[in-house]
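Student: Okay, here's the structure, questions in a sec.
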Amino acid sequence: MLVADDDTDSNARCEAILAALHFAVAPARSADEAVRVMQALRPDLVVTHLRDEGSFRQQLGANSATADVPVITVTPETEAPEALIEEIRRVLRSTKLAGRH
């Protein structure tokens, strides 16, 4: 799983939540770094809170290897750990049902 967040505190908080759930987490601190990590690691899911998320999503969509990777945007509604975890579970269930895994 990739955590792409240009806010150091927010990134660390999200990484800690995911690591506690035993997810392998790769961090990225910018859209460009996130794209490089995506191309190298091909994660199953991205959790993002980037200021330039539009550019990041555009770059992912332009690459056939990353275009279908689900991206969760951290919003005020999903900032709480329980809400973020539930959103991750929902997305992972839906991608599994869609046959992505």
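Student: For the range 38-68, give me each residue that is among the β-branched types (Val, Ile, Thr) and either closer than 18 Å to residue 15 by Cβ or free of Cβ contacts under 8 Å to residues at least 12 places away in the same chain (or both).
Tutor: Result: 46, 47, 48.
Student: Say we look at the range 59-86 and pick out the residues that are of a type outside the set (A, V, I, L, M, F, W, C) and touching a Ser or Thr at 6+ places or on another chain (Cβ under 7 Å); which of these is farthest from residue 37 (Cα to Cα)?
Tutor: Residues of the range 59-86 that are of a type outside the set (A, V, I, L, M, F, W, C), as a first pass: 59, 61, 63-64, 66, 68, 70, 73, 75-79, 81-82, 86.
Keeping just the survivors that are touching a Ser or Thr at 6+ places or on another chain (Cβ under 7 Å) gives 70, 73.
Details: 70: 15, 73: 17 Å.
This residue is 73.
Student: From the residues in the range 38-50 that are modelled with pLDDT under 90 and at negative phi, which one is surrounded by the most Cβ atoms within 10 Å (Cβ to Cβ)?
Tutor: Applying the filter and picking the extreme gives 44.
Student: So which residues in the range 47-96 are under 19 Å from residue 27 (Cα atoms), hydroxyl-bearing (Ser, Thr, Tyr) and more than 14 Å from the chain's Cα centre (by Cα), if there are any at all?
Tutor: 55
Student: Does the range 70-86 contain at least one residue that is modelled with pLDDT of 90 or more and loosely packed, with under 13 Cβ neighbours inside 10 Å?
Tutor: yes
Student: Condition first: under 15 Å from residue 61 (Cα atoms) and of a type in the set (Asp, Glu). Now tell me which residues in the range 16-43 satisfy that.
Tutor: Scanning the range 16-43 gives a single hit, 32.
The values are calculated or read from the model by the stated rules, or taken from the named source; none is laboratory data. Keep in mind it's a predicted model, so treat the numbers as computed, not measured. Please note: Cβ atoms are built from the backbone with ideal geometry, for glycine as well, and neighbour counts cover all protein chains shown.
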